[in-house]
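**Q** Quick one: the structure is below, questions incoming.
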Amino acid sequence: MSRGPRRAGAGQGAAAAVQLLVTLSFLPSVVEAQVTGVLDDCLCDIDSIDNFNTFKIFPKIKKLQERDYFRYYKVNLKRPCPFWAEDGHCSIKDCHVEPCPESKIPVGIKAGSSNKYSKVANSTKELEDCEQANKLGAINSTLSNQSKEAFIDWARYDDSQDHFCELDDERSPAAQYVDLLLNPERYTGYKGPSAWRVWNSIYEENCFKPRSVYRPLNPLAPSRGLCLEKRVFYKLISGLHASINLHLCANYLLEETWGKPSWGPNMKEFKRRFDPVETKGEGPRRLKNLYFLYLIELRALSKVAPYFERSIVDLYTGNVEEDADTKTLLLNIFQDTRSFPMHFDEKSMFAGDKKGAKSLKEEFRLHFKNISRIMDCVGCDKCRLWGKLQTQGLGTALKILFSEKEIQKLPENSPSKGFQLTRQEIVALLNAFGRLSTSIRELQNFKVLLQHSR
C-alpha cells in the first residue's frame, strides 16, 4: 500500500529532473536568440558591438583604468540623502570603502583639492583663486598669462554649461581619494527595502517611463508612445541598472573559508535577473538597453576626442613618462571609437521646434541631475561609490553630446571657458565606459557558461 505513492513520487521527481534539464539546455539559445539583432532607435547590431568591444576597446580601456590618472577618484561618500531620512549605512564588511592614504596619491593629483594643473599652477600665487574652481583636469606647464587669466575666469563660471550631474565639492573635508582598483565593484550583500527605494525613486519619480510601467524592476510594457528623447532617457537608466546588475552577478561572493573570500560568476543570480522566463521577458530587454547605453557613451568619446588631442591637455600626475604614455593610450582609444561605423545619431534628439526642443532638453537634464542626487541615498558605501561614478560618467557623456558646437570651437593652445571638463569628470567618464565594456565582456562569459551547463 505504501509503495504506490512512493513510486508516483519518484516518477514525479524524475519528470521534474527531466524538465529541469530541458529548461537548462533551452536557456542558452533563448538568451542568445533574444539578445541579438539590430537595436531600436539606432542602426547598430549587437554582434558588431560585441566584436568591436572584445577586440578593440576592452583590452585598452582595462589597461587605461590601471593608470594612476584614472585609478584615483575623489568622492564625498558622506553627503546626506536630500530626499528622505537615511535608515543607516550598510554594516556588511564588503560595503566598506577603503580611502586612499595621502602618501599613495601621485603628487600631481593631490597637489590641489580642486584640480591644480601643473607645477606652475601649484606655485604661482596669481592662481590661488583658481584653486577653488572646477576646471580641466590637467594642463601642461607652458601657460601664458592669457591662459592664467582664463583660469581665473573659470572660477566665476557657473552651472550654465549644462551639467547633467550634481558634482561633489572636492574642497569638502569629507571628500576623499579612493583607489578604484582596491575597491572593485562587486556583490556586497546590500539589498532589501533600502536598495529598492533607491531604484524605485530613480524609475518612478525621475524617469521618462512608459505610463503602463508601475514596477521598475519588472517593466513589462515596452516603451511605446514615448518620443525619442524620453525613450532614450528610459533606456539609459535601464541600461545602467542592467550593467550594475551584471557586475554584481559576475563578481559574487561564492564562498568564504578561513577569512579568505572567493569571488566569481553566479549563474543562479544571473538567471534571476536576466533569464527571459524568470523575468517574464524583461531580462533580454534590459540587456539590449545595456548595449544602447554603450553606444551613447561610445559616441560621446568619439565626439570629445578633439578636446584631448590639443597639445595644451596633459593628463598630469607628476610622472612625465607615464603621463605621456597615458595620453597616447587614451588618444588611441579615441581613434578606435571614431572608427566604429554605426554610431548613434544624437542630432535626431531635440530636433523639433526650438522652443519645445529647448524645454525638453532642460527637462531631460534636470531629471538626470536629480538621479545623480539620489545616489547619495544609497546605504552601501561601495555601491554609492560606483553608483556616483557611473552616473557622473553618463552625465559627462550627455554633456559632451550636447556641446558639439563648443567643442568644435576649442582653441588649440589655450583653455576655453566655452567647454571644459574637470579631472573628476574625465576620470568618471572613462571609468564608466570601462564598466560598460566590462559588462558586455562579462555577458559573453555568461553565455559561454550557459552553453556549458547544457
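The values are calculated or read from the model by the stated rules, or taken from the named source; none is laboratory data. Predicted, not measured: the structure shown is a model, and the values here were computed from it. Cβ coordinates were reconstructed from backbone atoms using ideal geometry, including for glycine residues, and neighbour counts include every protein chain displayed. Ligands, DNA and RNA are stripped out before the accessible areas are found, and what is left, the full protein with its side chains, is counted by its heavy atoms. Shrake-Rupley method; radii C 1.70, N 1.55, O 1.52, S 1.80 Å.
**Q** Inspect all residues belonging to the range 384-394 and state whether any of them is part of a helix (DSSP H, G or I), more than 20 Å from Phe70 (Cα to Cα), touching a helix residue (DSSP H, G or I) at 6+ places or on another chain (Cβ under 6 Å) and open to solvent by less than 40 Å² (accessible area, probe 1.4 Å). Walk me through how you get there before you give the answer.
**A** Going residue by residue through the range 384-394, those that are part of a helix (DSSP H, G or I) are 384-394.
Narrowing further to those that are more than 20 Å from Phe70 (Cα to Cα): none.
There is no residue in the range 384-394 that is part of a helix (DSSP H, G or I), more than 20 Å from Phe70 (Cα to Cα), touching a helix residue (DSSP H, G or I) at 6+ places or on another chain (Cβ under 6 Å) and open to solvent by less than 40 Å² (accessible area, probe 1.4 Å).
**Q** Suppose the filter is modelled with pLDDT under 95, in contact with a Phe, Trp or Tyr (Cβ under 8 Å, 6 or more places away or on another chain) and either within 25 Å of Gly239 (Cβ to Cβ) or among the aliphatic types (A, V, I, L, M) (or both); does Pro284 pass it?
**A** Details: modelled with pLDDT under 95: yes; in contact with a Phe, Trp or Tyr (Cβ under 8 Å, 6 or more places away or on another chain): yes; either within 25 Å of Gly239 (Cβ to Cβ) or among the aliphatic types (A, V, I, L, M) (or both): yes.
Here the answer is yes, as Pro284 does meet what is asked.
**Q** Which ones in the range 330-367 are loosely packed, with under 14 Cβ neighbours inside 10 Å, in a loop (DSSP other than H, G, I, E, B) and modelled with pLDDT of 80 or more?
**A** Pro341, Asp345
**Q** Here's another thing I want to ask about it. Against the definition (out of contact with any Cys (no Cβ under 6 Å at 6 or more places or on another chain), touching a residue at least 12 places away in the same chain (Cβ under 8 Å) and among the acidic types (Asp, Glu)), how does Glu321 come out, yes or no? Spell out the reasoning first.
**A** On the way: out of contact with any Cys (no Cβ under 6 Å at 6 or more places or on another chain): yes; touching a residue at least 12 places away in the same chain (Cβ under 8 Å): no; among the acidic types (Asp, Glu): yes.
Criteria not met by Glu321.
**Q** Can you pull out the residues in the range 300-329 that are open to solvent by 40 Å² or more (accessible area, probe 1.4 Å) and polar (S, T, N, Q)?
**A** Once the filter is applied, which keeps residues that are open to solvent by 40 Å² or more (accessible area, probe 1.4 Å) and polar (S, T, N, Q), the range 300-329 yields Ser311, Asn319, Thr328.
**Q** If you don't mind, another one. Any residue in the range 172-189 that is of a type in the set (A, V, I, L, M, F, W, C) and more than 29 Å from Arg365 (Cα to Cα)? Talk me through it step by step, then tell me what you get.
**A** Kept after step one, since they are of a type in the set (A, V, I, L, M, F, W, C), are these residues of the range 172-189: 174-175, 178, 180-182.
Checking the rest, the ones that are also more than 29 Å from Arg365 (Cα to Cα) come to 181-182.
Yes, the range 172-189 has at least one match.
**Q** Test each condition in (1) touching an Asp or Glu at 6+ places or on another chain (Cβ under 6 Å); (2) at pLDDT 75 or above for Ala155 and report the one that comes out false.
**A** (2)
**Q** Could you look through the range 368-383, keep only residues that are among the charged types (D, E, K, R) and open to solvent by 10 Å² or more (accessible area, probe 1.4 Å), and pick out the one that is nearest to Ala300 (Cα to Cα)? Give the steps one after another, and end with the answer.
**A** Step one: of the range 368-383, the residues among the charged types (D, E, K, R) are 369, 373, 376, 381-382.
Imposing the further condition that a residue be open to solvent by 10 Å² or more (accessible area, probe 1.4 Å) reduces the set to 369, 373, 381-382.
On the way: Lys369: 18, Arg373: 22, Asp381: 28, Lys382: 26 Å.
Going through the qualifying residues, I end up with Lys369.
**Q** Of all residues in the range 23-73, which are in contact with a helix residue (DSSP H, G or I) (Cβ under 6 Å, 6 or more places away or on another chain), at pLDDT below 95, open to solvent by 20 Å² or more (accessible area, probe 1.4 Å) and assigned to a helix (DSSP H, G or I)?
**A** Of everything in the range 23-73, just one residue is in contact with a helix residue (DSSP H, G or I) (Cβ under 6 Å, 6 or more places away or on another chain), at pLDDT below 95, open to solvent by 20 Å² or more (accessible area, probe 1.4 Å) and assigned to a helix (DSSP H, G or I), namely Gln34.
**Q** Still on this structure: Within the range 185-226, which residues are open to solvent by 40 Å² or more (accessible area, probe 1.4 Å), in a loop (DSSP other than H, G, I, E, B) and at pLDDT 85 or above?
**A** Of everything in the range 185-226, just one residue is open to solvent by 40 Å² or more (accessible area, probe 1.4 Å), in a loop (DSSP other than H, G, I, E, B) and at pLDDT 85 or above, namely Arg186.
**Q** Are any residues in the range 395-438 in a helix (DSSP H, G or I), farther than 18 Å from Asp68 by Cα and touching a Gly at 6+ places or on another chain (Cβ under 9 Å), and if so, which ones? So that I can check it myself, show each step before the final result.
**A** Within the range 395-438, the subset in a helix (DSSP H, G or I) is 395-401, 404-408, 423-438.
Checking which are farther than 18 Å from Asp68 by Cα leaves us with 395-401, 404-408, 436-438.
Correct list: Lys405, Glu406, Ile407, Leu436.
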